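Report on the structure given below.
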Amino acid sequence: VQDAYDEVWAAAHARNIDIQTKTTDEVCTVSGDRQLLARAIINLLSNAIKFSPTGSTVELTCEHIDENTVVSVLDSGPGVEPERRAELFRRFSRAIHRGKDPGGAGLGLAFVRVVAEKHGGKAWADHDRDVGTVFRLSVHTPTENAPPPQKL
């Protein structure tokens, strides 16, 4: 999470977007491919910055929920219609957002989904505020004797 934050900080700063990190008392530790997980979180944060208006806030949270570690990124953008949220994680899905289309190949969220699944988790989007969309990446938090994550 820290690697991803550091990677996108300059882009957020250039648009005067504040990335607020919200943490719990417990450390979010997972066993997995550090580079792939960081890239997946970078994709979530980059999208949040891209779709949020200048001068807004993006929230980044990492917490343990049941047997998973969940990273959540809440943007301040126009939101995504509920019936279209599942499409976001398919390859080449783009231009289904409310408002203007900022471009892109439509592969970033598909990559997030694949990384999550290879780590025993999932990726999804939901909406729990008046503005924006929450994108979540869960990774199964293994026990001491669990097998390593699958290779991509």
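None of the figures in this text is laboratory data; all of them are computed from the coordinates on show. All figures in this text were calculated on a predicted structure; none of them were measured in a lab. Here the Cβ positions follow ideal geometry from the backbone for every residue, glycine too, while neighbour counts run over all protein chains shown.
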Worksheet, complete the sentence: Sorted by chain and number, the residues with a modelled amide H under 5 Å from that of I19, at a separation of 5 or more or across chains, are V58
Worksheet item: When only DSSP loop residues count, what GluC sites (Glu not before Pro) in region 1-92 have their Cβ near at most 14 other Cβ atoms within 10 Å?
Response: E26, E67
Worksheet, complete the sentence: Residues whose modelled amide H sits under 5 Å from the amide H of S52, counting only those 5 or more places away in sequence or on another chain, are S76
